[in-house]
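The values are calculated or read from the model by the stated rules, or taken from the named source; none is laboratory data. As the structure is a computational prediction, the values presented were derived from the model and not from experiment. FYI the Cβ positions are ideal-geometry reconstructions off the backbone, even for glycines, and counts take in every protein chain you see. For the accessible areas, the whole protein counts, side chains as well, though only heavy atoms, and no ligand, DNA or RNA atoms are used. Shrake-Rupley method; radii C 1.70, N 1.55, O 1.52, S 1.80 Å.
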Amino acid sequence: MIINSANIKALSLLGQKGSVFNYGLLEAAAEHDNLRLLTADLALLTGLDRFRRKYPERFLQVGIAEQNMIGIAAGLAMEGEMPVATTYCSFLAVRDLEQVRQNVSSTGANVKLVGTFAGVVAAKSGISHWATEDISFMRTLPGMTVLSPSDGLEAYKAFKAMCDFDGPVYLRLSGTTGCPVIYDHDFDFSIGRFNLTRDGSDVAIIATGLMVKEAMDAADMLGKRGVSVAVYDAATIKPLDTDTLDEIFDRCLLVVTLEEHMITGGLGSAVAEYKAAKSHAPVQLTLGFDDRYTRPGSQRYIWDLAGITADAVADRIVDAIKYYW
């Protein structure tokens, strides 16, 4: 794909899931003869028809059998294939956790796990379809790389990058169309590296997934209050970009992590684990879902309850500044 303004707009309209399966998947299949696509009865909902029509012999529909899908994918990987297995994030990370641990993580199988409907995008379906613990589960598995892109273009690039990467990878995607644009021009995507989307000197917000847009809007609000805020896109959660973290710790007075995920075990925990070994490091404010499930509603309604919308984030940072400085 040629990365230009028209295509970036198209990727935004398609959303992360549409960007990956309408563009990234077909391009990767043309580049990797051993790519095999597996889905658990979600071909229509996930938008896999184009791939199925073009590569029918490389498409496997396993039915409503997500755990079996992981075993099949691991077996294919052991025979030299590169399986891409996709279903809801909540199913991959919860229902399939034992199979991912035993068959993929412990063997280092070259299986690519693509989870859709990350966070609470399946809002009114309730917690059975929410993925608010998946980062925690997946990043604790040895050898597992964890990616969480911020917009359609980055989702496309992350998928292409993981297909070029040797080893198990978990890619979590939002499932909605109309994804906000974070990157309005081409950029370099590298597994294991944060991207600076806005520079600042007082506070650093390290955000992942759809929260990057909320972080950038919060930074705009804080700028009007005289607070200089840098925003980093943590599209790679594992391996953590420790070089960039060291730079952030050296120059910022407050570090904020922001995720559409439980604060236990997610991005915030990963940053705090690394920061704990530092003799001098700034205070950290960890924003996400606290230790409870909320009632179903729209995605933004749930964000409001959790205090992770842009205006709430800005207010919480101001409160932290008053308390710590």
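Based on what the data block shows, is residue 116 farther than 17 Å from residue 78 by Cβ and of a type outside the set (A, V, I, L, M)? Against the criterion (farther than 17 Å from residue 78 by Cβ and of a type outside the set (A, V, I, L, M)), residue 116 qualifies.
Of the residues that make up the stretch 106-115, is at least one modelled with pLDDT under 95 and open to solvent by less than 10 Å² (accessible area, probe 1.4 Å)? The answer is no, given that none of the residues of the stretch 106-115 is modelled with pLDDT under 95 and open to solvent by less than 10 Å² (accessible area, probe 1.4 Å). Mind listing whichever residues of the stretch 1-21 are surrounded by fewer than 21 Cβ atoms within 10 Å (Cβ to Cβ) and either within 17 Å of residue 161 (Cβ to Cβ) or acidic (Asp, Glu) (or both)? Within the stretch 1-21, 1, 3 meet the criteria. Looking at this structure, is residue 175 within 18 Å of residue 157 (Cα to Cα), in contact (Cβ under 8 Å) with a residue 24 or more places away in the chain and in a loop (DSSP other than H, G, I, E, B)? Criteria met by residue 175. Here the stretch 73-94 is the region considered, the condition is being under 20 Å from the mean Cα position of the chain (by Cα) and small (Gly, Ala, Ser), and the residue that is nearest to residue 17 (Cα to Cα) is 85.
Looking across the stretch 130-156, just one residue is within 19 Å of residue 25 (Cα to Cα) and either of a type in the set (Phe, Trp, Tyr) or free of Cβ contacts under 8 Å to residues at least 60 places away in the same chain (or both), and that is 156. The requirement of being open to solvent by 40 Å² or more (accessible area, probe 1.4 Å) and under 28 Å from residue 266 (Cβ atoms) is satisfied by residue 127. Which of the residues spanning the stretch 262-292 are within 18 Å of residue 306 (Cβ to Cβ) and either acidic (Asp, Glu) or open to solvent by 70 Å² or more (accessible area, probe 1.4 Å) (or both)? Selection gives 264, 290, 291, 292. Mind listing just one residue for me: the one in the stretch 188-244 that is closer than 19 Å to residue 319 by Cβ and among the charged types (D, E, K, R) and, of those, surrounded by the fewest Cβ atoms within 10 Å (Cβ to Cβ)? Among those that are closer than 19 Å to residue 319 by Cβ and among the charged types (D, E, K, R), it is 224.
Here is a check on your reading of the model: is residue 182 crowded, with 22+ Cβ neighbours inside 10 Å and either closer than 22 Å to residue 158 by Cα or out of contact with any Phe, Trp or Tyr (no Cβ under 9 Å at 6 or more places or on another chain) (or both)? Taking the combined requirement at face value, the residue satisfies it. Here is the figure for the stretch 211-266: residues that are within 16 Å of residue 281 (Cα to Cα) and β-branched (Val, Ile, Thr) total 6.
Consider residue 69 carefully, then state whether it is assigned to a loop (DSSP other than H, G, I, E, B) and more than 19 Å from the chain's Cα centre (by Cα). No.
For the stretch 295-322, filtered to residues that are over 26 Å from residue 227 (Cα atoms) and in a helix (DSSP H, G or I), the residue that is least open to solvent (accessible area, probe 1.4 Å) is 302.
Yes/no per residue for (1) among the hydroxyl-bearing types (Ser, Thr, Tyr); (2) closer than 27 Å to residue 183 by Cβ; (3) in a helix (DSSP H, G or I); (4) at pLDDT 95 or above:
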position: 7; (1), (2), (3), (4): no, yes, yes, yes
position: 20; (1), (2), (3), (4): no, yes, yes, yes
position: 26; (1), (2), (3), (4): no, yes, yes, yes
position: 33; (1), (2), (3), (4): no, no, no, yes
position: 38; (1), (2), (3), (4): no, no, no, yes
position: 41; (1), (2), (3), (4): no, no, no, no
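Quick check: anything in the stretch 148-156 open to solvent by 10 Å² or more (accessible area, probe 1.4 Å) and either of a type outside the set (Phe, Trp, Tyr) or touching a His at 6+ places or on another chain (Cβ under 6 Å) (or both)? Within the stretch 148-156 (the criterion being open to solvent by 10 Å² or more (accessible area, probe 1.4 Å) and either of a type outside the set (Phe, Trp, Tyr) or touching a His at 6+ places or on another chain (Cβ under 6 Å) (or both)), the answer is no, since none of the residues qualifies. In the stretch 43-53, which residues are in a helix (DSSP H, G or I) and touching a strand residue (DSSP E or B) at 6+ places or on another chain (Cβ under 7 Å)? Of everything in the stretch 43-53, those that are in a helix (DSSP H, G or I) and touching a strand residue (DSSP E or B) at 6+ places or on another chain (Cβ under 7 Å) turn out to be 43, 46, 51, 52.
When the residues of the stretch 22-72 are narrowed to those that are without any contact (Cβ under 8 Å) to a residue 40 or more places away in the chain and closer than 17 Å to residue 171 by Cβ, which ends up surrounded by the most Cβ atoms within 10 Å (Cβ to Cβ)? Checking each candidate, the answer is 69. If you go through the stretch 215-253 and keep only what is in a strand (DSSP E or B) and of a type in the set (A, V, I, L, M), you end up with 229, 230, 231, 237. For the stretch 257-294, name all the residues that are assigned to a helix (DSSP H, G or I), of a type in the set (Gly, Ala, Ser) and in contact with an Asp or Glu (Cβ under 7 Å, 6 or more places away or on another chain). If the condition is that a residue be assigned to a helix (DSSP H, G or I), of a type in the set (Gly, Ala, Ser) and in contact with an Asp or Glu (Cβ under 7 Å, 6 or more places away or on another chain), then 268 is the only one that fits.
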